[in-house]
Structures are given as structure tokens and as C-alpha cells.
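Input: a single structure, listed below in C-alpha cells.
The values are calculated or read from the model by the stated rules, or taken from the named source; none is laboratory data. Because the structure is a prediction, the values reported are computed rather than measured. Only protein heavy atoms, including side chains, enter the accessible area calculation; ligands, DNA and RNA are left aside. Shrake-Rupley method; radii C 1.70, N 1.55, O 1.52, S 1.80 Å.
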Amino acid sequence: MRDYNLARAVTIVLSVLFGLLLLLALAFGLLGGKSSPPLTEADVIGTWQGDHGARLEVTADGRARLTDSSGWKCTPSGAPAALTAEGDWTIDWISDENPGILIKFTLDGPSVPYCGDYFTLDGTGKSGAWGDGSDVRAHFQHQEGAGRETYRRTATG
């Protein structure tokens, strides 16, 4: 009889704890803030200026051009260098990161057919702060070290 009461007490305690955890998860999920509207082409199309001098042009026809971005290892030699390349972009991102676009740059050289990276945005202006994009920051997900740049979209008019 004692084992039965102990098992029942443990079951009740675990059920109550599980219920509390579920309630907390729902509360924080529902009360943690509004989810942002999905990222659109208008959020990324334009010219982005890097804080180390790089420039990224994202066009409405699905093309992207990156100039003078330092610290890239996806060069034919494999050594970190400045990258100037053109490529295609699509709205895509790593699930546990900020929204952004996937850019696949085409490179010259037989050993490196393309260099792809996620360009992720922080502060998309979705909270009613539309305008020149100055509140939007972005970076390439896999660019690291001294070459990593933070980009801001230039004024759109």
C-alpha cells in the first residue's frame, strides 16, 4: 500500500510540474511579443554599405553584386581575401537566426564554383519604422574575424 501511495504522489507531482512548465511555455510564447511579419523583397532590395568599405547591391531581378568585402575564404586560393563577385539571391535563412537572404556568388576559378552565404537582417523596420532603412543592420552569417562587416541599407529616396 505504501509503494502505491508513493508512486501516486510522484505521478501527481510530476503531472503538476509538467502542467506548470507547459503553462509557462505558452505564456512566454504568447506574451513574449508580436511576431514580425514575414521578410519581403522590399526589405532587402537596395544598396547596402559595409562598415569596412564593402558594398552589396541587391536587385529586384534576383541578382546581387558584392564589391570589396574583406576576409572571405571562398577564393580560388582558399586564403582570406577581398571578394568582388556577382550572384543570385533568394529569401532564405538559417532557422535559429534572424531572417535574411541566401546569396550564391559565382567566382572565377576552377576550384571554387560558388560562394554562398546567408545575409541576415536585424531590425527590419517592421515595427512602423519604414523609411531610409538606417535602422536596419545586416551581416553575412559565416564571415568571421577582422573581415566581418556590419551593413546598413543606404537611403532609398
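Okay, here's what the table says:
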item: Total residues in the range 79-109, condition part of a loop (DSSP other than H, G, I, E, B), of a type in the set (Gly, Ala, Ser) and open to solvent by 40 Å² or more (accessible area, probe 1.4 Å); result: 2
item: Qualifying positions in the range 53-71 - assigned to a strand (DSSP E or B) and at pLDDT 80 or above; result: 55, 56, 57, 58, 63, 64, 65, 66, 67, 68, 69, 70
